[in-house]
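Quick notes on the structure that follows.
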Amino acid sequence: MKSPLRMAKEQDLQTIGLSTVADDLLKPRLLTQLGRLRGSMRSLAVMLDTCVKCGNCVEQCHSYLGTGDPLNAPPARADLMRKLYRRHFTLPGKLFGRLAGAKDLDSEMLDNWLTYFYQCNECRRCAVFCPFGIDTAEVTIAGRHLLSELGIVPRFMQQVALNLQKTGNNMGIPAPALLDCVEFIESEIEEETGVAVKIPVDRPDSEILYIPSSADFFTNVDTIVGAAKMFHMLGVRWTVASAMLEAANFGFLFHLSAMQDHSLRMRRAAEQLGASLVVQGECGHGWRAARMVTEAASGPVPFELTHILDFTARHLERLSLRKLPLRVALHDPCNYVRAGDLVEQPRRILRACVEHLVELQPNREETFCCGGGSGILMEEMMEIRMKLGKKKAEQIQAAGRIDYLAAPCSICKAQLPHVMNHYAVPEVAIGGIMDLVGKAIDLTSSTGGSGA
């Protein structure tokens, strides 16, 4: 295979309810599943039927611009599925085959699906510039699901799903380790501020269930610190759940049943802890999945769902904030601005926390992806990731001097340091927006006490 992705083994696949398919069953299995998706995902059929190959999206795709590979152009990438779709689900394709742009399944097609569907960051920038609103992410996410139905699953994705099953988070943090991390973080906050800020774990009858990225307890600690300080100042009764300590729903990016399992875990955790409000942490695709598919995956839910940045923006007037003397550039995570309705909230927060907000160009809905999104944050994909991050590096270089790059998504935080180092962008601090909120909060004026 062309793809550098390492595949999960059969025995590992079985742990997440999948299995490999015998060669003689590949085609009927794939066509059956594609037919089901065609019926249940009307958007997929629309995307496959509508493209007129106008080319508007090609020069807007960071994947194509970074790799120079013609098959990474959005129309060509979608054609990898469209050809099979036309062959078996359209009359012209059935009658005229290749003359109608149709092609039957073969090993080359499967190789190309794996290679190029995992070089799409699912950023949806193509849809912004398409005159018909065609969203290649609808096609490539569906393609990843179909590959998983054949047992073709990257080992990284399988391991994340297994970790979620075992521990309730993608990093595989067991409950005792979580409690140790929380105790350490709490002591660090008290040593820094003189205020006993708590990070409640599995606190019953909580008003708010906060679902962070599990990385916030190891590599992005300042993000959970910022959230904890804010909840403390507001005096709300909040908690994190050891059984659901993960905003990032990787199932959304490779298999629908894994996505549903994640969503159901969130619902059960909220119900068990009595939360009427679920607040998602800094994760781009996690927020997109939560906002778009929670009720579709688990039915009507007995709680309100919001994002930590929206929640913070709505409560800014209740926070005692000082402006940090920093020039801060905002990286807009793709899933916030193109699928999550989080465009102006991050800017309102930053203007309240720092002296200078620098806008990258382009920004908001036209932003470029960091190159690590959609679950390809794997070591074996590093070469591709750097190519996919080229346009983001150019944006940051063009911004001039900045002290801090605000990247309010755990995947962006992990990807961007590599991108900046690879393209020799001057060194700059990189972190979340909640990190800055935590540094700007004056806890001495707090009367909250975390809802105690």
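Computed from the coordinates by the stated procedures, all read-outs in this text should not be read as laboratory data. Note that the coordinates shown come from a computational prediction; the quantities given were computed from them, not determined experimentally. We place every Cβ from the backbone using ideal geometry, glycine too, and count neighbours over all the protein chains shown.
Numbers below:
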quantity: Reachable lysines, given that their alpha-carbon falls under 22 Å from the alpha-carbon of K390 and they are not under 8 places away in the same chain; calculated: K2, K413
quantity: For the range 21-150, size of Cβ-based charge dipole, Lys and Arg +1, Asp and Glu -1, in debye; calculated: 460 debye
quantity: Residues whose placed amide H lies under 5 Å from that of L326, excluding near-sequence neighbours; calculated: E355, H356
quantity: Selection from M7, L146, S43 lying farthest towards where the dipole of the chain points positive, charges on Cβ; calculated: S43
quantity: Extension gain from S276 to E191, taking 0.36 nm per residue of separation minus the Cα-Cα distance; calculated: 27.4 nm
quantity: Distance between modelled label sites at L179 and K166, nm, 7 Å Cα→Cβ extension; calculated: 2.0 nm
quantity: Sites L95 and V46 - FRET efficiency at Förster radius 25 Å, r taken between beta-carbons, to 0.05; calculated: 0.65
quantity: Stretch gain in nm, segment D202-D111, where the contour uses 0.36 nm per residue and the Cα spacing is subtracted; calculated: 28.3 nm
quantity: Using θ = phi - 60° and Karplus 6.51 cos²θ - 1.76 cosθ + 1.60, couplings along the range 352-357 (whole Hz; Gly, Pro as x); calculated: 7, 10, 10, 6, 9, 9
quantity: Loop-exposed trypsin sites (Lys or Arg not before Pro) per DSSP, neighbour cap 13 Cβ within 10 angstrom, longest uninterrupted part of the chain; calculated: 54-321
quantity: J(HN,Hα) series, the range 191-204, from Karplus relation 6.51 cos²θ - 1.76 cosθ + 1.60, nearest Hz, glycine and proline x; calculated: 5, 6, 10, x, 10, 7, 8, 9, 10, x, 10, 6, 6, x
quantity: Helix 23-40 axis, angle to the chain major axis (alpha carbon atoms, nearest 10°); calculated: 60 degrees
quantity: Dipole magnitude of the chain, debye to nearest 20 (Cβ charges: Lys/Arg +1, Asp/Glu -1, about Cα centre); calculated: 1520 debye
quantity: Residue-wise HN-Hα coupling along the range 127-136, computed from phi with Karplus coefficients 6.51, -1.76, 1.60 (Hz; x: Gly, Pro); calculated: 5, 5, 9, 7, x, 9, x, 5, 10, 4
quantity: Contour excess over end-to-end distance, with Cα ends at E365 and A398 and 0.36 nm allotted per residue; calculated: 10.0 nm
quantity: Pairs beyond 20 Å (Cα-Cα), from K229/K323; K27/K94; K27/K83; K392/K439; calculated: K392/K439
